[in-house]
Amino acid sequence: MEGIYSKLQNILMAHFESAAGNPSHNGRVCSTWGNFHFKNFDGDIFYFPGVCNYIFASNCKSPYEDFNIQIRRTMVENATVITHVIMRLEGAVMPYSHMGVLIERSNSYIKVSAKLGLTFLWNEEDALLVELDKKYANQTCGLCGDFNGIPTNNEFISQNAKLTAVQFGNRQKIDGPTEQCDDPIPSAVLMNCSSEFASICKTVLTSEAFTSCNALVDVQDYIDTCIQDLCHCDTSMADFCMCNTFAEYSRQCAHAGGQPLNWRTSELCPKSCPFNMQHQECGSPCSDTCSNPERSALCEDHCTDGCTCPPGMVFDDINGAGCIPRKECHCTYEGETYAPGTSFSSKCRSCTCAGGEWTCVTQSCPATCSIEGGSHITTYDEKYYSFYGDCSYVLTKLCDSNDFTVLGDIHKCGLTDTETCLKGVAISLSGGQTVIVSTVYLKLNYFSLSTANVTIFRPSSFFIILQTTFGLQLQIQIVPLMQLFINLDPSQKGQTCGLCGNFNDIQTDDFKTTSGVIEGTSAAFGNTWKTRADCPDAKITFENPCTLSIENDKYAQHWCGLLSDTTGPFAECHSTVNPEVYQKNCMFDTCNCENTEDCMCAALSSYVRACAAKGILLNGWRNKVCTKYTNTCPKSLEYTYNVDSCQPTCRSLSEPDVTCNIKFVPVDGCTCVNGTYMDESGKCVPAASCPCYYKGMPLSTGEVIHDNGVIQIHGSFHTSCAFCSLPVCAPPMVYVDCGNATAGVTGAECQKSCQTLDMECYKTHCVSGCICPPNYVSDGKGGCIAAEECPCVHNGDSYRPGESIRVGCNNCTCRNRKWHCSEEPCLETCSVYGDGHYTTFDGKRFDFEGDCEYVLIQNYCGRKGLNQGTFRVITENIPCGTTGTTCSKSIKVFLGNYELVLSDGHSDVIQRSPGGEMPFQIRSMGIYMVVDTTVGLILMWDKKTSIFIKLSPSFQGHVCGLCGNYDGNGNNDFTTRSQSVVGNVLEFANSWKVSSTCPNANQTKDPCTANPYRKSWAQKQCSIITSEVFAKCHSQVEPNEYYQACVDDACACDTGGDCECFCTAVAAYAQACNELDICISWRTPSICPLFCDYYNPQGECEWHYKPCGAPCMKTCNNPSGKCLHELRGLEGCYPHCPKNKPYFDEETMACVSNCGCYENGKHYKPGITILFCFTECVCIYEGRTYNYTDMIYNTTDGIGGCIVATCGPNGTLQRVVYDCPISTSPTTPFHFSTTPPATASTVTSSPTTSVCVHEVCQWSEWYDGSPLIPGFDGGDFETFTICRNPEKIQCRAEKYPHKSIEEIGQVVHCNVTYGLICRNEDQKGELHICLNYQVKVFCCDDYSHCQTRVTPTVPEEITTTITQSPATTTSETSTFTTKLTSPVTISPTTSCCKNVTVPCQTTKTPYSTTKKPTTSTISTTQTTPYTETSTMTYTPKIQTKHKTTTIETIPPRTENIHSETTSTPKQSIQTETKTTTILTVTTSTSTATPTTTIETSTSTSTLTPTPTLISTTSSPSTTTHVTACELELCSWTDWFDVDFPSSGTSQGDFETYQ
């Protein structure tokens, strides 16, 4: 023992290292460690040497046991080690990976986190720790006790009998079925042991490393435990016994909020770390890594002991290479790893790796628009939609010219409305030339044709390519179905119109029509691009053809499922092109078509072509599917997967083949075998068999017809009409019969309607039909209407001229068939609902189900944004169901130094660091909890799975996360944390995990496939979305996506909660409708009812269900009843509060007359006494604290307005602006700054003369002198800083400089008297925010026409400036600086200074001397008497002894100066003492004798406590005292800082000087 003692004493002489720890938090902790030691939830520490299986902690007092943890210890080499841990969490037995349970390694521990509110830590040796949510208080059993907060009680006292630790422990034993484990025998107490080891244990546990711990955790229990261990341990295990207790005390300290320092040394309990990591006793458990260098910023766990990276380094979790500087981190892209400095290039984009992030450059590239399957359209901007038309449509054209127009004939080709086919394609060029390709061309032969602007050729049997000279290329697929792919050069960006969209990289405006508004559905949009008036309008359809035939459904599921099969023939392209939309189209077309296989194979080939366009060439995919097309090639031709160049033809042997210079996306089809050439008949022949060509024409008869400059490529077909009769036209229409008409007659093909009035007539041949008289157009109902009477159309509804509608947050008025809309900036929305259905701000929809925490949105993006961000929103799924379906969500909002946690239907505010006001407002609106922030972010949560985030336009392009980057372009929304754009949803979403140790999410199985027995029920229930219930909304919001999401969720919720999943999905569609002011009352007593009557007091009827929501109301969280943003249509239960109970209490769900107090999001009911409530309910302004009703400032705006600010309710600043009374006294204008205006100096006057001058006037530049003030009471307030009295003013919005204020539509006051005033509260729309405005003024100089000119002997101008710093104590310092601007010559006779005795004169210096009496008003009140001492220090003032004049200097107009008043109570007296010392030095020369005087003035003024009006008429007065004093020269030092702030009530910052 003596050897151990001396060894330990030597070790303790070593220096204890110190290291800072991370912020920590308290928890409910039970632990066991070392040599059978336990600490239960209630704080009891006991010794129980049991080696059986024991219940450590269980939720035994609940009707359902959420968890049960059992442990078993074993002796291994004389040390006690925990060898078995059995955990059951929500029915899963560990070790097992179950949804809702995360197992990860955190520092030196295995950490199990269960979302039910349990955290488990095990160091894999002796120590185990469990932390429970407080909701389990008084509900636990086992060695951890009952968690009732009362030590000893119920654990060691049973039926009034006291139990020993061994007796208590034995009660927790759980033997196995065949096990009979013996109870432990209490060990003997060793005498005279404690004195020997007491000093050792005490020395360590009370050392400097545990200083912060000793105040938080009682150290004596651990000293006793340490002594007990050393007494029982043999010599070889002394380190083990002692170190475990030291480590446990360190862990308990961290849980209690302390920060233990590094107490381990190389000799005392040393720890080694892998790589170049360092052991820290209080290190962050959230390590920054290469894949997530921001992890520690979101860490909410207390510090733990373990191995961490040195400061300035991150852990390389990509290569597993230990700690490295961040700049050495590798990047990942599509599963590949790239070293710093390396790069990759994809189509139109090249990226270079730099410090774990990609720096990318995007090149302008051609875009593709496609029409696939006869109905599925993809725009240039990659917006996907389906349109079931029956007419000729403009697919794409230049909006402002007729250089080219591509037309598509889409017609019905089956029995149902959704069976449509692309029948023909035509391109019209500016010269009137039209090229038509019809499906009948299938019977025509191979050919190549060139004209001036167009080249047409057939690279394979499956495709025709039409190439123009102006950057337009058409790829027309003809096998197995006609499909069209239009490629357009980037030089045409932003100039196109038609079904292909506007090619501006913004998907959300692709449905914008020529009338000026964005249509809500594809049918409404598509109908605006009809070229013929007699075509019917396409209708919205909700038909799912796969529900009509089980056989077709199975067939489609099997073959279309290959697209998403991760081991299938298309898997190679998954990371580049998401197969989801192609699989949906494949399923629809396969079930819908009569020729099932043709449609299925066409859909598969569409995906293959999309991959080829991205550079991924898929071979062999026809080996098991669609094989017939590879076996049906004509003789002498063979099937080829990728054809990317011109084919060998007979023509190319005689002359250059122009088609060989054309580049195109590789296609497949039948081509000639090597060594053969294609002749004009389409046969592959040897070169010797090729015909001769003369001037491009074969000597044999050709198939191409030239006719008057029109090139037509189609087969001849006739319409048979055996039983047709001529239609009867309703007057004033007349019938035109093209069969009997002469050549050149125009038939019904060019008949205009209101819808096609702006459309060109693309005439190919005369069409018989009814036409309107001249100057009349078809009204679409069989009649005619004057063109000028045509209405505006939006979403299928017609509006007369002058009528208005609301589109988004703007109002649109119909004028001359066009919509003229306001341009208010709108809040865009990101939505997440149900089982991981996401819609980004830019409208991109995707599904993702992950079990980790993910960044939903933040403005910490990339390296540049890490230090400039302000907010983060983190979301976590709480799963249920065997398919992993999400049942609810937990949301965390980080804003400033506050964190808001939304979970279990409740909100909790956490202040992460002291200071600052709570930056959000929380309120209940119906079924939603709304979080309104001051930065322009609004979060709406239905307390379950639905989250809607609205964001101000000021964040466009500056955010990232699962909600996308909000730049309008949905194509780049899949931007990973490392700034690369990927195509795979999983790669994108997994990159936004908060913890890199959380496992990646994998592709989940389709829930309706996994649970087929639920599919029919799900489809039946969800059909409410496509039913008549929502008919009003169908033309505004496409319901199909919401219907499919509803079916998926209803199939997935298989273990209860199925109605919740269904109701949430329907409510999401209802909310989308409500956003557009389409209110649907869809809930019934049998479908998702809301029982609002539950909240009604007995016999009363305050509560009602409102499907459209209600305006912002007065609540206890928001007593003003004013909301930062007015939100529309939030359904739910709303109270109608009576006048005597005007406030709604969200906690009690009742109307109340008094809410109590709210402090930092915490509520205190009326009547509760809280020590800090009074001191917190104050206003803090510029560092000073004001109580309720105190005046904060009383000033003017410099243009006749007086401003009084007082401290209002809830710590708000209440400002009142009114016209100032006329007064002759000078005023101090209100400019928001800390520099008061200059004061006038008084000197003796000189002779003056009057001089007349001309007035000079001119316009100022545009300027913006006041920033936008956020919040309901804020706005933009521009005052004059250029001149005092401008004669004219002009105002404009910074964003719209060429629009008048009236055109913009905001409520703005622009007046030459007071400037510009725009108040947020006056504005309409959902933002309630002013634009930023600028003003310019017409200034004339401030001189009168006759000006007094001063003629001093030595001209001089003296300006005195006062700089006043805000005081937070009772001491105030002001500095007066006198600036001499006139030239003065001084010849000093002394070059050094020393202390001398000279007469000093004390002069009372007047504050002001003017020609007229000055009147000043001082209002004072105060809560506590005090004396304020103010010292004003002058710099030496030099005066020349000449006659001088009184010069009143005009105060310089700087911005925003507050003049503050200090309050005192009626019985207090405020004393102000000012001491002024002026240095006087006398110098002489032969020419002049300038003198400088030193003046010391002391004045004491006593201000009476009540408001007093003090009128002062000043005249020069001097009191002279002759005193012998010592001359002393003084100067200011530099700023210095010798102390640091310390925490604690008695601490602070103490600066001393020497």
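Check whether at least one residue in the range 953-965 is over 17 Å from K892 (Cβ atoms), assigned to a loop (DSSP other than H, G, I, E, B) and open to solvent by less than 10 Å² (accessible area, probe 1.4 Å), and report yes or no.
Yes: one or more hits.
Condition check ((1) within 49 Å of the chain's Cα centre (by Cα); (2) modelled with pLDDT under 95) across all residues:
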| position | (1), (2) |
| --- | --- |
| C601 | yes, no |
| A610 | yes, no |
| I616 | yes, yes |
| V658 | no, yes |
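Suppose we keep only residues that are assigned to a helix (DSSP H, G or I) and open to solvent by 60 Å² or more (accessible area, probe 1.4 Å) within the range 542-558. Which one would you say is farthest from L415 (Cα to Cα)?
Once the filter is applied, the top-ranked residue is H558.
Return the residues of the range 982-1000 that are among the aliphatic types (A, V, I, L, M) and over 18 Å from the mean Cα position of the chain (by Cα); say none if nothing qualifies.
Within the range 982-1000, V982, V985, L986 qualify.
What about V1029, is it under 25 Å from E876 (Cβ atoms) and either in contact (Cβ under 8 Å) with a residue 40 or more places away in the chain or within 26 Å of the chain's Cα centre (by Cα) (or both)?
no
Given the criteria aliphatic (A, V, I, L, M) and open to solvent by 40 Å² or more (accessible area, probe 1.4 Å), does V1047 qualify?
Spelling it out, it is not the case that V1047 is aliphatic (A, V, I, L, M) and open to solvent by 40 Å² or more (accessible area, probe 1.4 Å).
Would you say G257 is surrounded by 23 or more Cβ atoms within 10 Å (Cβ to Cβ) and under 39 Å from the mean Cα position of the chain (by Cα)?
No.
Sort through G320, G283 and tell me the only one that's within 25 Å of E125 (Cα to Cα) and surrounded by fewer than 19 Cβ atoms within 10 Å (Cβ to Cβ).
After ruling out the rest, the residue left standing is G320.
Just a yes or no: is a residue in the range 703-712 modelled with pLDDT of 50 or more, of a type in the set (V, I, T) and surrounded by 13 or more Cβ atoms within 10 Å (Cβ to Cβ)?
No, because not a single residue in the range 703-712 is modelled with pLDDT of 50 or more, of a type in the set (V, I, T) and surrounded by 13 or more Cβ atoms within 10 Å (Cβ to Cβ).
Report whether or not C299 is touching a strand residue (DSSP E or B) at 6+ places or on another chain (Cβ under 9 Å) and open to solvent by less than 50 Å² (accessible area, probe 1.4 Å).
no
Can you confirm whether C1330 is under 33 Å from the mean Cα position of the chain (by Cα), surrounded by 19 or more Cβ atoms within 10 Å (Cβ to Cβ), at pLDDT 85 or above and in a loop (DSSP other than H, G, I, E, B)?
Taking the combined requirement at face value, the residue satisfies it.
Counting only residues that are surrounded by fewer than 23 Cβ atoms within 10 Å (Cβ to Cβ), give me the strands (runs of 3 or more DSSP E) lying completely in the range 340-382 with at least 3 of them.
Answer list for the range 340-382: 343-346, 349-354, 357-362.
Which number in (1) in a helix (DSSP H, G or I); (2) among the acidic types (D, E); (3) in contact (Cβ under 8 Å) with a residue 60 or more places away in the chain marks the one condition that D534 misses?
Single failed check for D534: (1).
Give G1275, G1315, G1271 a once-over and let me know the one that is farther than 30 Å from R806 by Cβ and not basic (K, R).
G1315
Open to solvent by 60 Å² or more (accessible area, probe 1.4 Å), within 16 Å of Q467 (Cα to Cα) and in contact (Cβ under 8 Å) with a residue 40 or more places away in the chain: is that true of V658 in this structure?
It is true that V658 is open to solvent by 60 Å² or more (accessible area, probe 1.4 Å), within 16 Å of Q467 (Cα to Cα) and in contact (Cβ under 8 Å) with a residue 40 or more places away in the chain.
Here are some conditions: (1) among the hydrophobic types (A, V, I, L, M, F, W, C); (2) closer than 29 Å to N578 by Cβ; (3) modelled with pLDDT of 85 or more. C887 meets all but one. Which one does it not meet?
If we test C887 against (1) among the hydrophobic types (A, V, I, L, M, F, W, C); (2) closer than 29 Å to N578 by Cβ; (3) modelled with pLDDT of 85 or more, just (3) comes out false.
Go through the range 821-846 and give me each residue that's surrounded by 20 or more Cβ atoms within 10 Å (Cβ to Cβ) and among the β-branched types (V, I, T).
Within the range 821-846, V832, T839, T840 meet the criteria.
So which of G516, G501, G520 ends up being in a loop (DSSP other than H, G, I, E, B) and surrounded by fewer than 19 Cβ atoms within 10 Å (Cβ to Cβ)?
G516
Going by what's in this entry, would C1123 be described as touching a Cys at 6+ places or on another chain (Cβ under 6 Å), modelled with pLDDT under 90 and closer than 30 Å to M918 by Cβ?
So C1123 fits the description; yes.
Being over 15 Å from G834 (Cβ atoms) and under 30 Å from the mean Cα position of the chain (by Cα) is true for just one of I1087, I1080. Which residue is that?
I1080
Kindly state which strands (runs of 3 or more DSSP E) lie completely within the range 62-178 and contain at least 2 residues that are open to solvent by less than 60 Å² (accessible area, probe 1.4 Å), at pLDDT 85 or above and not β-branched (V, I, T).
Of the strands (runs of 3 or more DSSP E) lying wholly inside the range 62-178, those with at least 2 residues that are open to solvent by less than 60 Å² (accessible area, probe 1.4 Å), at pLDDT 85 or above and not β-branched (V, I, T) span 67-76, 109-114, 118-122, 128-132.
Check Y1105, Y1094 and return the single one that is touching a Ser or Thr at 6+ places or on another chain (Cβ under 9 Å), hydroxyl-bearing (S, T, Y), without any contact (Cβ under 8 Å) to a residue 60 or more places away in the chain and open to solvent by 10 Å² or more (accessible area, probe 1.4 Å).
The unique qualifying residue is Y1105.
Residue under question is L604, and the condition is that it be under 24 Å from T1004 (Cβ atoms), touching a Gly at 6+ places or on another chain (Cβ under 6 Å) and in a helix (DSSP H, G or I); does it hold?
Taking the combined requirement at face value, the residue does not satisfy it.
Just for the range 452-478: of the residues that are open to solvent by less than 30 Å² (accessible area, probe 1.4 Å) and β-branched (V, I, T), which one is nearest to T378 (Cα to Cα)?
Looking at the filtered set, the residue picked out is I476.
For R912, state whether it is surrounded by fewer than 20 Cβ atoms within 10 Å (Cβ to Cβ), touching a residue at least 60 places away in the same chain (Cβ under 8 Å) and more than 13 Å from the chain's Cα centre (by Cα).
Yes, satisfied.
Could you go through the range 663-684 and let me know if any residue there is at pLDDT 70 or above, surrounded by fewer than 18 Cβ atoms within 10 Å (Cβ to Cβ) and of a type in the set (A, V, I, L, M, F, W, C).
Taking every residue of the range 663-684 in turn, at least one turns out to be at pLDDT 70 or above, surrounded by fewer than 18 Cβ atoms within 10 Å (Cβ to Cβ) and of a type in the set (A, V, I, L, M, F, W, C).
Could you list, in sequence order, all residues of the range 559-587 that are touching a Lys or Arg at 6+ places or on another chain (Cβ under 9 Å) and outside any helix (DSSP H, G or I)?
P569, T576, V577
Assess whether C193 counts as being touching a Cys at 6+ places or on another chain (Cβ under 6 Å) and within 29 Å of A238 (Cβ to Cβ).
yes
Would you check if there is a residue in the range 994-1017 being open to solvent by less than 30 Å² (accessible area, probe 1.4 Å) and out of contact with any Asp or Glu (no Cβ under 8 Å at 6 or more places or on another chain)?
no
The values are calculated or read from the model by the stated rules, or taken from the named source; none is laboratory data. These numbers were taken from a predicted model, which means no experiment stands behind them. Counting neighbours? That spans all protein chains shown, and the Cβs are built from the backbone with ideal geometry, glycine included. Just the protein is used for accessible areas: all its heavy atoms, side chains included, with ligands, DNA and RNA removed. Shrake-Rupley method; radii C 1.70, N 1.55, O 1.52, S 1.80 Å.
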